1. Yes or no: Pro92 in the same structural domain as Glu18 (by TED's automatic domain parsing), modelled with pLDDT of 90 or more and part of a loop (DSSP other than H, G, I, E, B)?
2. Residues that are within 13 Å of the chain's Cα centre (by Cα) and closer than 16 Å to Cys102 by Cα: find the strands (runs of 3 or more DSSP E) completely inside the stretch 114-161 holding 3 or more of those.
3. Could you check, for the stretch 43-52, whether at least one of its residues is touching a Leu at 6+ places or on another chain (Cβ under 6 Å) and over 19 Å from Pro149 (Cβ atoms)?
4. Answer yes or no as to whether Phe80 is crowded, with 17+ Cβ neighbours inside 10 Å, over 14 Å from the mean Cα position of the chain (by Cα) and modelled with pLDDT under 95.
5. Taking the condition of being touching a strand residue (DSSP E or B) at 6+ places or on another chain (Cβ under 9 Å) and either at positive phi or loosely packed, with under 14 Cβ neighbours inside 10 Å (or both), how many residues in the stretch 88-116 meet it?
6. Evaluate the stretch 26-49: report whether one residue or more is of a type outside the set (D, E, K, R), at negative phi, surrounded by fewer than 17 Cβ atoms within 10 Å (Cβ to Cβ) and not in a loop (DSSP other than H, G, I, E, B).
7. Among the residues of the stretch 142-167, write down those that are at pLDDT below 85, under 27 Å from Glu19 (Cβ atoms) and among the charged types (D, E, K, R).
8. Could you check the stretch 147-171 and list, in sequence order, the residues that are farther than 15 Å from Leu135 by Cβ and either among the small types (Gly, Ala, Ser) or touching a Ser or Thr at 6+ places or on another chain (Cβ under 9 Å) (or both)?
Amino acid sequence: MNRIERGNSKLTRKKDIEEIFALVNARPTDAFCDFGCGQGLACIYASRKLSFAIGIEDHRENYLKAQKNKNNLQRGKVSFFFRNYENFETIPKLNKCTIFYCTNELDYGFYKSIEEFLSPKRVYFVSQYFAPFPLMSKKYDEWYVMKTPFKIAKNEKEWIAHMLGKGKTRKDLLRSIQGFPDYEDKKKELAEDIGFIRWLCRK
């Protein structure tokens with residue numbers, strides 16, 4: 001089963017969405033999808049600039065707040081769905097989205113599943129996290145961007161070099177996260193399984 005973890009609880013601001021749109025050169029014909037849309041504000045902002053927006057939320061209270069915000073603030077085409085992201089195949093028009101956003105940690109299996117679902121369509125994924133091994137995302141300030149088809153690292157060495165720079169090792173990776181509150185809890189897991197560093201750039 002795909003693994004999805006709760007991410008940054010901070011509300012996405014209008015400024016954040018504008019930065020994301022600039023990064024991916026968004027056009028009015030693009031469509032936006034937010035996995036874990038919370039109260040739906042990112043989708044509402046996006047729907048005013050793009051053709052439509054979709055928000056998926058599995059927390060009932062947040063979903064109800066999103067629907068309320070839609071009624072009070074919405075001036076574009078936006079739809080919210082109360083369900084788990086793993087059921088993305090059942091979301092109407094999701095296969096027409098071109099920009100995907102998520103503040104939660106998604107695993108490799110989830111990314112590959114949705115890449116196959118959308119193929120051969122070319123889409124962007126934007127997150128506040130490095131993509132999990134072996135996917136390679138590109139960093140722009142606080143955002144990490146991937147475009148399908150995804151770039152895959154040949155091995156752990158290549159993946160770490162892509163994130164931290166040429167010549168860096170797993171020791172450098174561990175050193176770079178020593179200031180994190182949960183460092184000691186995760187250190188052993190990081191040493192055993194490179195996939196656990198999905199959380200390393202959490203803000």
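1. Taking the combined requirement at face value, the residue satisfies it.
2. Of the strands (runs of 3 or more DSSP E) lying wholly inside the stretch 114-161, those with at least 3 residues that are within 13 Å of the chain's Cα centre (by Cα) and closer than 16 Å to Cys102 by Cα span 124-127, 143-147.
3. yes
4. Answer is no for this residue.
5. So the count comes out to 3.
6. No, the stretch 26-49 contains no residue that is of a type outside the set (D, E, K, R), at negative phi, surrounded by fewer than 17 Cβ atoms within 10 Å (Cβ to Cβ) and not in a loop (DSSP other than H, G, I, E, B).
7. Glu142
8. If the condition is that a residue be farther than 15 Å from Leu135 by Cβ and either among the small types (Gly, Ala, Ser) or touching a Ser or Thr at 6+ places or on another chain (Cβ under 9 Å) (or both), then Lys157, Leu164, Gly165, Gly167, Lys168 are the ones that fit.
The values are calculated or read from the model by the stated rules, or taken from the named source; none is laboratory data. Not measured: the values here are computed from a predicted model. No Cβ is skipped: glycine too gets one built from the backbone with ideal geometry, and neighbour counts run over all protein chains shown.
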